[in-house]
Amino acid sequence: MTLLRVENVAKAFHGVHAVDGVSLTVGQGRIQGIIGPNGAGKTTLFNLVAGVLKPDSGRVLFDDMDLTGAPPHKIARAGIARTFQLTRPFASMSVRDNVITAALGHTRSRKQAQQAADAVIERVGLQRWRDNVSGDLPTAALKRVELARALAIRPRVLLLDEVLAGLVPAERQPVVDMLATLRDEDGLTMVFVEHIMAAVMRLSDSVLVLDQGKVIADGTPQEVTSDPRVIEAYLGEEPTIADA
Ligand SMILES: Nc1ncnc2c1ncn2[C@@H]1O[C@H](COP(=O)(O)OP(=O)(O)OP(=O)(O)O)[C@@H](O)[C@H]1O
Ligand SMILES: [Mg+2]
């Protein structure tokens, strides 16, 4: 069953076509990878789906609801959560309060929000940081806070924008395992933007490749990484493709 359907969305900034007619369908319980060079439009695409930006044209459909141009809180309420490329928890709040804040509005009471937060904190392995002030956390823990805040709304689709960026290799593996578990055990549907190709190859059922706002390839991880247009698009970049 298709859960998320993006139809021909476009967004330009002062004449720059950041996203230029992108379509995408993600089935229930699937993991969709999105790759592409810097500035390809990946984050903009997420912002269009999450309601941070309104598309100039095209549609965003979720579980047969038309969410095109809906505000972020409505999209979150419908069941789409996202993490930000640059983590942005409330720095002066504890980890727990940050996650509770995210859960509030998606639960009936503060008590329920606390319970949801504690469950999610355990799920993402943040117990030892739970009562720390978020601004003091190392990057790896901050990334998990970002993930916990997104999971706290009990999403049906999770949009992950470079959750592995800034992590050293030893820190990446547990996060990749966690994402695999969220899909396998919870049936969570995910769309993730990632430059770390080993993770894209391991997690993705299907990969969409963007370049200059356009889809240049769409297929299995193996198909897209051997596609000459994709290799061409990455020329002159860090050899992330070769990492796979
Ligand atoms: N708010 C904005 N105002 C103006 N231009 C923007 C804005 N957001 C993005 N852009 C431009 O749109 C294009 C796509 O940017 P976007 O951030 O979506 O790329 P990306 O694929 O996420 O790149 P990266 O891999 O570096 O995160 C870039 O040219 C960027 O400069
Ligand atoms: Mg980006």
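The values are calculated or read from the model by the stated rules, or taken from the named source; none is laboratory data. What you see is a predicted model; the values in this text were computed from it and never measured. Every residue, glycine as well, gets a Cβ built from its backbone with ideal geometry; the counts of neighbours run over all protein chains shown. Ligands, DNA and RNA are excluded from the accessible area calculation, which covers all protein heavy atoms including side chains. Shrake-Rupley method; radii C 1.70, N 1.55, O 1.52, S 1.80 Å.
Considering segment 32-69, and only residues there that are acidic (D, E) and part of a loop (DSSP other than H, G, I, E, B), the residue that is nearest to ligand 2 (Cβ to nearest atom) turns out to be D56. For segment 174-213, the set of residues classified as touching a Ser or Thr at 6+ places or on another chain (Cβ under 6 Å) and either within 13 Å of ligand 1 (Cβ to nearest atom) or of a type in the set (S, T, N, Q) (or both) consists of H195 only. Kindly indicate whether D131 is at pLDDT 95 or above and open to solvent by 70 Å² or more (accessible area, probe 1.4 Å). Yes, satisfied.
Scan segment 77-118 for residues that are at positive phi and charged (D, E, K, R) and jot them down.
Initial filter on segment 77-118 (at positive phi): 79, 105.
Within segment 77-118, no residue meets the criteria.
Can you say whether G219 is without any contact (Cβ under 8 Å) to a residue 40 or more places away in the chain, within 16 Å of ligand 2 (Cβ to nearest atom), in contact with a Ser or Thr (Cβ under 8 Å, 6 or more places away or on another chain) and not basic (K, R), as far as the supplied structure shows? So that I can check it myself, show each step before the final result.
Working: without any contact (Cβ under 8 Å) to a residue 40 or more places away in the chain: yes; within 16 Å of ligand 2 (Cβ to nearest atom): no; in contact with a Ser or Thr (Cβ under 8 Å, 6 or more places away or on another chain): yes; not basic (K, R): yes.
Judged against the criteria, G219 is not a match.
For segment 40-97, the tally of residues that are buried (at least 16 other Cβ atoms within 10 Å of the Cβ) and basic (K, R) stands at 3.
Look at segment 9-25: where a residue is over 14 Å from V215 (Cβ atoms) and a partner is polar (S, T, N, Q), sitting 6+ places away or on another chain with Cβ atoms under 7 Å, you get K11/T44. Taking (1) touching a strand residue (DSSP E or B) at 6+ places or on another chain (Cβ under 8 Å); (2) not assigned by TED's automatic domain parsing to the domain that holds M190 in turn, I121 satisfies each apart from (1).
For the structure I just gave you, tell me whether V99 is out of contact with any Asp or Glu (no Cβ under 7 Å at 6 or more places or on another chain), at pLDDT 95 or above and within 16 Å of ligand 1 (Cβ to nearest atom).
In short, no.
Tallying residues that are farther than 20 Å from V163 by Cα and surrounded by 20 or more Cβ atoms within 10 Å (Cβ to Cβ) within segment 104-118 yields 2.
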